[in-house]
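The values are calculated or read from the model by the stated rules, or taken from the named source; none is laboratory data. What you see is a predicted model; the values in this text were computed from it and never measured. Note: ideal-geometry Cβ built from the backbone for every residue, glycine included; neighbour counts use all protein chains shown.
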């Protein structure tokens, strides 16, 4: 996984300027809002800091970003605000987020992970990821995670996604198809194009019930698992990122991703 993200860092960051990524960002802000004020945040799979510095703007006191890709971490450091406002408040660690490990500075008030759980290939892998989250959370702390849309039929979910937003536009320039069935779900491919080159990587979409079971087995409680909504201004033609009205309206019926909130009991 490290190599595939080292290779696509530039194109991946370009894709993250598209409407669906900006809409995701707004939805995350609203979802994490009740937990972020004064919080110490651990960001797993931080990538090139699409969210990292925003957490400070939203009220966090510090952020520790973790990623398996050295290329992504180097870019994340370069993306620090020029005004120096993040100095002494943000640290980065090169590590595999799928393996349970207590990170320095923990336990944390909030753990955040965008597109992290979809790299678990089965229930065991999911339990390990959730245990990594549990061991780094304070009692009463919360995980907020951007995920694939919760679904009991991952094959059908990806099929509907492809039919609603086929290439070349896809979902903000990305489109998906199933590679094979796996125990508990499917292994699927993500592909897209950009002026900086192609984006291509593989991950998993596992059944919603299996993911809920994995969280419980790791000692965590699912609080809510919904899907993102498109802000009204986008539908009125005042959004950023260049998506067509047809693409934006499609997200109302076929959401591109979910937002999961999990709690560690006190």
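Things to note:
- Scanning the range 163-195 for residues that are touching a residue at least 60 places away in the same chain (Cβ under 8 Å) and part of a loop (DSSP other than H, G, I, E, B), we see that the one that is nearest to residue 130 (Cα to Cα) is 184.
Residues are listed down the side, and each one gets a yes or a no for (1) in contact with a strand residue (DSSP E or B) (Cβ under 7 Å, 6 or more places away or on another chain); (2) under 19 Å from residue 114 (Cα atoms):
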{"site": "175", "(1), (2)": "yes, yes"}
{"site": "184", "(1), (2)": "yes, no"}
{"site": "205", "(1), (2)": "yes, yes"}
{"site": "217", "(1), (2)": "no, no"}
{"site": "232", "(1), (2)": "no, no"}
{"site": "261", "(1), (2)": "yes, yes"}
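- So residue 59, is it modelled with pLDDT of 95 or more and more than 15 Å from the chain's Cα centre (by Cα): yes
- Enumeration of residues in the range 91-129 that are more than 20 Å from residue 32 (Cβ to Cβ) and in a helix (DSSP H, G or I): 119, 123, 124, 125, 126, 127, 128
- All positions within the range 67-90 that are part of a strand (DSSP E or B) and either modelled with pLDDT under 95 or loosely packed, with under 14 Cβ neighbours inside 10 Å (or both): 67
- Where residue 17 falls short, out of the listed (1) under 15 Å from residue 234 (Cβ atoms); (2) part of a loop (DSSP other than H, G, I, E, B); (3) touching a strand residue (DSSP E or B) at 6+ places or on another chain (Cβ under 6 Å): (3)
- For the range 203-225, a residue qualifies if it is outside any helix (DSSP H, G or I), at negative phi, in contact with a helix residue (DSSP H, G or I) (Cβ under 9 Å, 6 or more places away or on another chain) and in contact (Cβ under 8 Å) with a residue 60 or more places away in the chain, and the qualifying residues are 203, 204, 205, 206, 218, 220, 225.
- Residue in the range 103-126 that is nearest to residue 50 (Cα to Cα), counting only those that are touching a helix residue (DSSP H, G or I) at 6+ places or on another chain (Cβ under 8 Å), modelled with pLDDT of 95 or more and surrounded by fewer than 19 Cβ atoms within 10 Å (Cβ to Cβ): 107
- Qualifying residue in the range 31-43 (condition: under 13 Å from the mean Cα position of the chain (by Cα), in a loop (DSSP other than H, G, I, E, B) and either in contact (Cβ under 8 Å) with a residue 40 or more places away in the chain or farther than 20 Å from residue 130 by Cβ (or both)): no
- Whichever residue in the range 149-162 is free of Cβ contacts under 8 Å to residues at least 24 places away in the same chain and farther than 24 Å from residue 224 by Cβ and, among such residues, is surrounded by the most Cβ atoms within 10 Å (Cβ to Cβ): 162
- Scanning the range 226-239 for residues that are in a loop (DSSP other than H, G, I, E, B) and surrounded by 13 or more Cβ atoms within 10 Å (Cβ to Cβ) yields 228, 229, 230, 231, 239.
- Any hit, the range 250-257, residues being in a helix (DSSP H, G or I) and more than 14 Å from residue 23 (Cβ to Cβ): yes
- Screening residue 132 with (1) over 25 Å from residue 13 (Cα atoms); (2) modelled with pLDDT of 95 or more; (3) touching a strand residue (DSSP E or B) at 6+ places or on another chain (Cβ under 9 Å) gives one miss only, at (2).
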